[in-house]
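Inspection log for the structure reproduced underneath, given as structure tokens.
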Amino acid sequence: MNIILLGPPGAGKGTQAQRLQRERGMVQLSTGDMLRAAIREGTPVGVQVKAVLDAGELVSDDIMVALIGERLDQPDTANGVIFDGFPRTRAQAEALDRLLAERGTRLDRVIELDVEEEALVERIVGRFACAQCGEGYHDRFKLPKAEGRCDECGHDRFTRRPDDNAATVRTRLAEYRAKTAPILPYYEARGLVSRTDGMAPMDEVYAATFAILAQA
Ligand code: AP5
Ligand code: ZN
């Protein structure tokens, strides 16, 4: 099954995709994580996109479509993936349909995480992640159960993203409004969109998301 989690920065796409991967064996394909890994490793793409991510702007469609195409050629994606952070423009949405069709598959559902914009800045600015396994946390909404130790792997170091500051978040939200939100009608016209209340507690969002997938 191929699904898209769609929503603005901080909506909870990564939180839900990580849990679906861990508990349901689905494959999370996060373009943000892929780009950050490329930057860390200093690949040619990483060098090219670093300033764009730091500014909170969107990376070009050509780069993104090429990255996704390569990723979909890896065998672990053959039974379907959760797209987290892709597509983000109409051109990416159209390219994704093509890439899936070329591989004999298609999109099954788009789940929109509906959230109030005022909540997003707080969510993003308070976010941190385990430096070893990447598990996501929040200063207020999700602290590690044992102080200073990751719930999943026990590691004691955490990181914060350089683009998680209030000024960059504003740019990321503006990019979402201008370029990503307008792709919803593309999917609505095909009856593919389900909405969930992304303002609900994480466990409730997970239950609602899972219920949608069970019917897809
Ligand atoms: P990306 O990494 O995709 O960032 P984003 O879309 O800005 O999304 P976030 O990771 O900020 O939010 P999320 O929805 O995953 O929220 P999370 O679950 O962490 O992209 C980064 C950059 O890469 C972009 O700016 C762009 O430059 C580039 N890029 C990536 N893909 C691209 C593409 N396709 N095209 C072009 N450029 C691209 O949750 C946030 C926090 O809230 C967490 O701390 C979490 O614990 C907490 N939280 C989650 N759910 C809840 C809840 N229900 N209640 C309370 N707290 C919650
Ligand atoms: Zn960890």
Exercise. With each label point set 7 Å from Cα along the Cα-Cβ vector, what nm distance links residue 149 and residue 161?
Worked result: 2.8
Exercise. About its Cα centre, how strong a charge dipole does the range 62-216 have in debye, to the nearest 20, once Lys and Arg get +1 and Asp and Glu get -1 at the Cβ?
Worked result: 260
Exercise. So how do 176, 187 rank on accessible area, 1.4 Å probe, biggest first, that is with the largest at the start?
Worked result: 176, 187
For this session: Round to a whole angstrom and tell me the spacing of the C-alpha centers of the range 116-182 and the range 18-84.
Result: 17
Exercise. Remind me, relative contact order of the range 25-152 in percent, using alpha carbon pairs under 8 angstrom and six or more residues apart?
Worked result: 19
Exercise. How large is ³J(HN,Hα) for each residue in the range 23-34, as worked out from phi by the Karplus curve 6.51 cos²θ - 1.76 cosθ + 1.60 (θ = phi - 60°), to whole Hz, x for Gly and Pro?
Worked result: 8, 10, x, 7, 9, 7, 10, 9, 5, x, 4, 5
Seminar exercise, completed: Taking Lys and Arg as +1 and Asp and Glu as -1, residues besides residue 67 with C-beta under 13 Å from its C-beta add up to -2
For this session: Tell me which residues come under 5 Å, amide H to amide H, from residue 158 once H is placed; ignore anything under 5 positions away on its chain.
Result: 131
For this session: Find which of 189, 148, 93 sits farthest along the positive direction of the dipole of the range 69-194, computed with +1 on the beta-carbon of Lys and Arg, -1 on that of Asp and Glu, about the Cα centre.
Result: 93
Exercise. If the cut-off is a Cα-Cα distance under 17 Å, which lysines reach residue 142, setting aside same-chain residues fewer than 8 apart in sequence?
Worked result: 13
Seminar exercise, completed: Simple spin-label estimate for residue 51/residue 139, 7 Å along Cα→Cβ, in nm, reads 3.0
For this session: Heads up, I need the accessible area for residue 188: 1.4 angstrom probe, whole protein in place, Å², nearest 10.
Result: 80
Problem set entry | the chain, helix-only ellipticity at 222 nm - DSSP H runs n ≥ 4, -39,500 (n - 2.57), divided by all residues, nearest 500 | -13500 deg cm²/dmol
Exercise. Using the Kirkwood formula over every pair of different C-alpha atoms, what hydrodynamic radius in Å results for the range 61-186?
Worked result: 17.0
Seminar exercise, completed: Share (percent) of C-alpha pair distances in the chain greater than 32 Å works out to 12
For this session: Would you work out the relative contact order for the chain, in percent, from Cα pairs under 8 angstrom that are 6 or more residues apart?
Result: 28
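The values are calculated or read from the model by the stated rules, or taken from the named source; none is laboratory data. It should be emphasised that the depicted structure is a prediction, and the values quoted were computed from it without experimental measurement. Neighbour counts run over all protein chains shown; Cβ positions are idealised from the backbone, glycine included. Each accessible area value is taken on the protein alone, full model and side chains, heavy atoms only, with ligands, DNA and RNA left out. Shrake-Rupley method; radii C 1.70, N 1.55, O 1.52, S 1.80 Å.
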